[in-house]
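Here's the structure, in structure tokens; my notes come after.
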Amino acid sequence: MTTLRNTLAATLLLALAACGQSASEPPAAPAEPIAAAPPSGPAPVATGQASVALDAGGLLIVMKDTGSTRMIDFGLPKDQTVAIVTNVAGAPAPESTNSECGAGPVQFIAWPDGLTLLFQEDRFAGWSVDKDAAGKQSTMSGVGVGATRSDLVAAYSGVQVSETSLGQEFSAGGLYGVLDGSTATAKIEVMWAGVSCVFR
């Protein structure tokens, strides 16, 4: 009888111990911390792997191996914009400022290939290309300095051309510029988009 009682007591103690273990299980390991979200803006591009294309909404970084594109929208912070374009196009000239532009004070950063970026309040606000960009900078449709009026009309609908103090000035889908004549073979001399500092 004593043996039976001892066995029952031992069994009860084991059961209680088991219950105690389940009730006092160590807390679950804390969840892994969530990685901070990467800063907004296009991912960096390795030098030599991409080129810059012009766009009415900003610039496009075109990957040479795949043809895929990454947009640099107007409004991107200046430091990010300059870093991306510098990585693709090389070092720019020192920054300059014109406080007499119609749009207000504008900062300019120019590259040797004829591309100039315009900034306001430390944000990417516009771009322009001049004669040095001929054959180097163009839209994805192939329109840039040196392209003809017929090229422009073929690439964009609703092209408007008017005589201004600048000459034969055109607008086409958010792109603006000046032609060197009024014929179909007239060539684009300068082109811009976004904020500009053009004196008419």
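Quick look at the values:
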read-out	value
Yes/no for residue 138 being closer than 19 Å to residue 171 by Cβ, surrounded by fewer than 18 Cβ atoms within 10 Å (Cβ to Cβ) and modelled with pLDDT of 95 or more	no
Residues of region 58-99 satisfying the condition of being free of Cβ contacts under 8 Å to residues at least 60 places away in the same chain, closer than 25 Å to residue 199 by Cα and over 18 Å from the mean Cα position of the chain (by Cα)	93, 94, 95, 96, 97, 99
Strands (runs of 3 or more DSSP E) lying entirely in region 100-190 (those with 3 or more residues that are without any contact (Cβ under 8 Å) to a residue 60 or more places away in the chain and either within 27 Å of the chain's Cα centre (by Cα) or farther than 25 Å from residue 88 by Cβ (or both))	106-110, 115-120, 160-164, 167-172, 175-179
Unique residue being at positive phi and surrounded by 18 or more Cβ atoms within 10 Å (Cβ to Cβ) when the list is 104, 90, 114	114
Looking only at region 117-135, and only at residues there that are hydrophobic (A, V, I, L, M, F, W, C) and modelled with pLDDT under 95, the one that is surrounded by the most Cβ atoms within 10 Å (Cβ to Cβ)	133
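The values are calculated or read from the model by the stated rules, or taken from the named source; none is laboratory data. Here the structure is a predicted model, which is why all the values come from computation and not from measurement. Reconstructed Cβ throughout: ideal geometry from the backbone, glycine too, with neighbour counts over all protein chains shown.
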